[in-house]
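First up is the structure itself, then whatever we jot down about it.
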Amino acid sequence: MTVLLVDVANVVGSRPDGWWRDRAGAAGRLLAGLAALPGRLPGPGGADVGLDGTVAVVEGAARDVPAPGGIRLVRAAGPGDDALVAVAGELAAAGEDLLVVTADRGLRARLPAGAVCAGPGWLWARIDGNGMTSGGTG
């Protein structure tokens, strides 16, 4: 089983749907989509991935967004990348397999060995295919 670890700001920012007008609202929509995902997904390599849990890292204006059921929300006190790397390290040390969603190459380079990465497009396709939409304000 795998833990899905999501860089919320990076994923939200990957769609030019007006998210910048309401960062917390955009993060909330993404989190609702994450909460609605099934326990098995087509993975970035094509094989199915069983999810053991979902962890989402929020920062800045999205830090106060409510956490939907089934999602562990990490509210970064500082840079979101630093919080995500710390959580990834904790999960890897506990023996968890990681699927990290971010397009940030610098962040990817800081992840523990063995972490599998996928881009925001992969995650949006799973959410959109599950009947959820990103919504937007513009």
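The values are calculated or read from the model by the stated rules, or taken from the named source; none is laboratory data. Not measured: the values here are computed from a predicted model. When we count neighbours, we look across all protein chains shown, and the Cβ atoms used for this are built from the backbone with ideal geometry, even at glycine.
Here the condition is being β-branched (V, I, T), closer than 23 Å to R21 by Cα and in contact (Cβ under 8 Å) with a residue 24 or more places away in the chain; of V65, V55, it holds for V65 alone. Here's a check for you: in the stretch 66-91, which residue that is over 19 Å from L37 (Cα atoms) and among the β-branched types (V, I, T) is surrounded by the fewest Cβ atoms within 10 Å (Cβ to Cβ)? If we take residues in the stretch 66-91 being over 19 Å from L37 (Cα atoms) and among the β-branched types (V, I, T), then V85 is surrounded by the fewest Cβ atoms within 10 Å (Cβ to Cβ).
Residue-wise test of (1) within 13 Å of V6 (Cα to Cα); (2) crowded, with 17+ Cβ neighbours inside 10 Å.
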{"residue": "A61", "(1), (2)": "no, no"}
{"residue": "A93", "(1), (2)": "no, no"}
{"residue": "V116", "(1), (2)": "yes, no"}
{"residue": "P120", "(1), (2)": "yes, yes"}
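Scanning the stretch 124-138 for residues that are modelled with pLDDT of 95 or more and part of a loop (DSSP other than H, G, I, E, B) returns no hits.
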